């Protein structure tokens, strides 16, 4: 069974939602599309939450065509994500969920131990 829980559910403005849709469309069309580029088009007040959402979108789309991208790579690429333990937990949960959906042998304790996070609700 694939886990479905999430606590990260911010509300975004219509222009930000449009930026997400455009990011996803370009991704699916195999057009070079960097998260960093999309962030420059998003209201600075929504930027932090938008980054988390863009990473989640990127992880999901990438996992549909290849291996699941690891959270640690996003944390290295965007160090500000690592500052908030709740964000780290949410991204790890996304990676865990995607790996489980692909049938990979993963466990919540592996993720919790590696990143020292609470994964009780997984």
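Taken together, the values in this text are just the output of simple stated rules run on the coordinates, not laboratory data. Note that the structure is predicted; figures quoted are calculated from it, not measured. Note that each Cβ is placed from the backbone with ideal geometry, even for glycine, and that neighbours are counted across all protein chains shown.
Quick one: count up the residues across segment 49-66 that are closer than 16 Å to residue 11 by Cβ and out of contact with any helix residue (DSSP H, G or I) (no Cβ under 7 Å at 6 or more places or on another chain). Total satisfying the criteria: 1. Scanning segment 14-47 for residues that are in contact with a helix residue (DSSP H, G or I) (Cβ under 8 Å, 6 or more places away or on another chain), more than 23 Å from residue 65 (Cα to Cα) and surrounded by fewer than 17 Cβ atoms within 10 Å (Cβ to Cβ) yields 41, 43, 47.
Could you name every one of the helices (runs of 4 or more DSSP H) located completely within segment 70-122 that has at least 2 residues being surrounded by 20 or more Cβ atoms within 10 Å (Cβ to Cβ) and touching a helix residue (DSSP H, G or I) at 6+ places or on another chain (Cβ under 7 Å)?
71-77, 85-101
Note on segment 31-47: among residues that are in a helix (DSSP H, G or I) and farther than 17 Å from residue 9 by Cα, the one that is nearest to the chain's Cα centre (by Cα) is 35. Of all residues in segment 48-69, which are free of Cβ contacts under 8 Å to residues at least 12 places away in the same chain and either loosely packed, with under 14 Cβ neighbours inside 10 Å or not in a helix (DSSP H, G or I) (or both)? The answer is 64, 65, 66, 67.
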